Amino acid sequence: MATRPRRSCLTVPASSTKMLARAATLPADEIVLDLEDGVAPGEKTDATRSQLVEAVRAGARATVAVRINGVATPWWRDDLAAVAEARPQVVVIPKVESPDDVAMVAGLLPAGTGIEAQIETARGLVEVERIAQAGHGLEALVFGPGDFGASIGAPVLTIGEGSWDYALARIVVAARAFGLQAVDGPYAAIRDLDGLRASALRALAHGLDGKWVVHPDQIAPVNEVFTPAPEELERARRILTAGEGAVLVDGAMVDKASHRLAEALVARARAADA
């Protein structure tokens, strides 16, 4: 399983030439060229797919991913034909509800293409442990708060608002159990950077690797949240050089479990520098 930096994953409608061109220059860890919800049904055309192919071929500073339409739609096979031509590093499958969804897409992908599975429905969350075991190049599970909220009837109108602790915890446990990354979904209130940070901090507290963003202004705050601060990294190093057994470091008891926590934080810092 490939491990890529995924602190910030910027989703960009594949139907917008202006947004596609700008996205290639931005400092997100991953650029998700979106053929699904970001594109109106009337624009899910060969012209849009051709535009996407050109954008992938033009390259970007970041990992380039393509989100196809879900396997229950009439568009997904045509989307995968464009993926086969463009050859992005990753394909994102929305609304995954079983390992079969992953297998169906993987069977039509070029060899070596990574996969992210979006968990966006009640059924998807119920099946998340089985989905995490799907293989076929699966690299990450991604929470989709908007569709998930609609699926369970949550009384929210802004994507990312609401209480998703149970869903995030279950997704990250399933991901880690099978060697995958876990990524939170977007916070759609673009100007509310305090709310964005709070949402990102909640995801970080659950152990997720990063978060989707929907606007360039959201990239820097999210990257900052998911990058260990220098003082955190220094404390982790002090813990790793402490003696064995239960000892005091900075007034707190640390032991072998503390060493494992410190190792995880150092690994997160290395990934941010990759």
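A short reminder: the numbers here are calculations on the coordinates, not readings from a lab. As the structure is a prediction and not an experimental result, all values here were calculated from the model. Note: ideal-geometry Cβ built from the backbone for every residue, glycine included; neighbour counts use all protein chains shown.
Side notes on the structure shown:
- Percent of beta bridges antiparallel (DSSP, the chain, rounded to nearest 5): 10
- For the chain, the number of Lys pairs with C-alpha atoms closer than 25 Å, counting only pairs eight or more positions apart or on separate chains, is 4.
- Amide hydrogen neighbours beyond the local backbone of TYR187, cut-off 5 Å, H modeled: VAL214
- At most 11 other Cβ within 10 Å, DSSP loop - trypsin sites (Lys or Arg not before Pro), region 212-245: none
- Rounded if a/c under 1.5, otherwise prolate or oblate - the chain, Cα gyration tensor axes: prolate
- Most mobile of GLU139, GLU85, GLU231 in a GNM of the chain (Cα contacts under 10 Å): GLU231
- Candidates VAL254, VAL39, VAL92: whichever shows maximal mean-square fluctuation once the chain is modelled as a Gaussian network with Cα springs under 10 Å: VAL254
- Semi-axes of the equivalent ellipsoid for region 12-125, computed as √(5λ) from the eigenvalues of its C-alpha gyration tensor and ordered from largest down, come to 21, 15, 14 Å.
- 5 angstrom amide H check on LYS95, placed H, neighbours 5+ away: GLN118, GLU120
- At full extension, ALA264 and ARG61 could sit 70.5 nm farther apart than now, given 0.36 nm per residue minus the alpha carbon distance.
- For the chain, the mean residue ellipticity at 222 nm estimated from helices alone is -12500 deg cm²/dmol, where every DSSP H run of n ≥ 4 contributes -39500 (n - 2.57) and the total is divided by all residues, rounded to the nearest 500.
- Each residue of region 227-239 was assigned a 3J(HN,Hα) from its phi angle through the Karplus curve 6.51 cos²θ - 1.76 cosθ + 1.60 (θ = phi - 60°); the sequence is 10, x, 5, x, 5, 5, 5, 5, 5, 4, 5, 5, 5 Hz, with glycine and proline shown as x.
- Couplings 3J(HN,Hα) for region 23-32, derived from phi with the Karplus relation 6.51 cos²θ - 1.76 cosθ + 1.60 (θ = phi - 60°), are 4, 4, 9, 8, x, 5, 6, 9, 10, 9 Hz, where x marks Gly and Pro.
- In Å, descending, principal axis extents of the Cα set of region 85-177: 41, 28, 18
- Summing Cβ point charges (Lys, Arg +1; Asp, Glu -1) relative to the Cα centre of region 27-86 gives a dipole of roughly 100 debye.
- Shown in residue order for region 8-16 are the 3J(HN,Hα) couplings computed by the Karplus curve 6.51 cos²θ - 1.76 cosθ + 1.60 at θ = phi - 60°: 10, 10, 8, 8, 10, x, 5, 8, 9 Hz (x for Gly and Pro).
- Structure remark: mean-square fluctuation, Gaussian network model of the chain, C-alpha springs under 10 Å; the largest value among GLY144, GLY245, GLY135 belongs to GLY245.
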